[in-house]
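Here's the structure, in structure tokens; my notes come after.
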2 protein chains.
Amino acid sequence: MTHSTRQGRRRSPTPDELRAWRGYIETARALDARLTSRLQKESGLSTGDYTVLLALSEADGRRLRSSELADAVGWERSRLSHHLRRMEDRGLVRREECAVDYRGAWVVLTDDGAHAFRSASVPHLRAVRELFVEALDPDQLDQVAALTAALRDRLDASR
Amino acid sequence: MTHSTRQGRRRSPTPDELRAWRGYIETARALDARLTSRLQKESGLSTGDYTVLLALSEADGRRLRSSELADAVGWERSRLSHHLRRMEDRGLVRREECAVDYRGAWVVLTDDGAHAFRSASVPHLRAVRELFVEALDPDQLDQVAALTAALRDRLDASR
DNA sequence: GTCATGTCGTTGACGTGTCAATCATGCGCC
DNA sequence: GGCGCATGATTGACACGTCAACGACATGAC
């Protein structure tokens, strides 16, 4: 497929550029929704649950301080706090007092949480492979990596 | 950048493949969040509002049936209904009875809605250009189009 | 010690998204 | 006309995300 000639810097995106943009963002959203739905059906977990459980599984003693966990998954504290409350209600994690700094708290992976993560992991990775990895050829996978790096650079540069 | 050799079909994604996946989905989410935040600050609209207003602006008589609008923006009816209630509360759209089919309803763009859309449009398109179009070179824009088409095909095929 | 200030984490309010249930109307069929 | 079913749209319940405000503790200056 070819592209329109580029316009001046002040112009609005061309129709082709807008199509690329819409395709990009809508496909990502659709993929995300599908993965979320499969994970939910197969394991009763959300992608947020999965992300948190993965980080805790890899942590020393299967526990992290709340702020460490927030950094590990790249979430805001408030978002994490809300999510942990829901996960704690379902018995996936547990909060414990932190004797070193009484402002803080440990987030501990429970046995139920560890089990849920193990059960979810294989079908989830299979879904990632089926819907993303296998949809692209090796060159395209490299292109994705380059593209996302470029987009992320621009995003970071303009923050 | 090079990629690992591909593994058998049953294997989990390789670390490189997982990195590509995470990069893809997280970059898309970050971009989406940034665009949403800019649109909100500059115009007081959400991306959902913008999508709805765009579809209505282009419609004959600046009005669409609820179901036509749902198709135009690719949303579930329920989602659209919730969103329209909030937009109606803010005076951006109005619902009218449909005399042809009393089950249905017209969704009508109000003058306030049209004005909000016009004000939002230029800064929003500028943001898309700055954060997406200009971050990529022309080849990469073509690659995005091809990539998303491949991903979407796979998504549709496995539905 | 105490006061100001910063950090850790939670909470409430609210916008957003999904799912299942519901309600009313249209429509074909007898 | 009346019955059954499909369709248009809304609703309620709940999960999720952001923002701003807050309470509790830590820390350094004095």
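Condition (residue is part of a helix (DSSP H, G or I) and near DNA strand D (Cβ under 7 Å from one of its atoms)) applied to segment A:62-81: is it met by at least one residue? Scanning segment A:62-81 turns up at least one residue that is part of a helix (DSSP H, G or I) and near DNA strand D (Cβ under 7 Å from one of its atoms). Flag set for B:Thr27, criterion: within 11 Å of another protein chain (Cβ to nearest Cβ), buried (at least 19 other Cβ atoms within 10 Å of the Cβ) and either within 17 Å of the chain's Cα centre (by Cα) or more than 8 Å from DNA strand D (Cβ to nearest atom) (or both).
Among residues of segment A:62-84 that are more than 13 Å from A:Gly48 (Cα to Cα), those with a Cβ under 8 angstrom from a residue that is within 8 Å of DNA strand C (Cβ to nearest atom) and among the polar types (S, T, N, Q), sequence gap 6+ or separate chain, pair up as A:Ser66/A:Ser81; A:Arg77/A:Ser66; A:Arg77/A:Ser67.
With respect to being on the phi < 0 side of the Ramachandran plot and more than 9 Å from DNA strand C (Cβ to nearest atom), A:Ala105 falls outside the description. When A:Ala55 is tested against (1) among the hydrophobic types (A, V, I, L, M, F, W, C); (2) touching a residue at least 24 places away in the same chain (Cβ under 8 Å); (3) more than 30 Å from B:Ala135 (Cα to Cα), just one condition goes unmet, and that condition is (2).
Bear in mind that the values in this text are calculations on the coordinates, not laboratory data. What you see is a predicted model, and the numbers here were worked out from it, not measured in a lab. In this analysis, Cβ positions are derived from the backbone assuming ideal geometry, glycine residues included, and neighbour counts consider all displayed protein chains.
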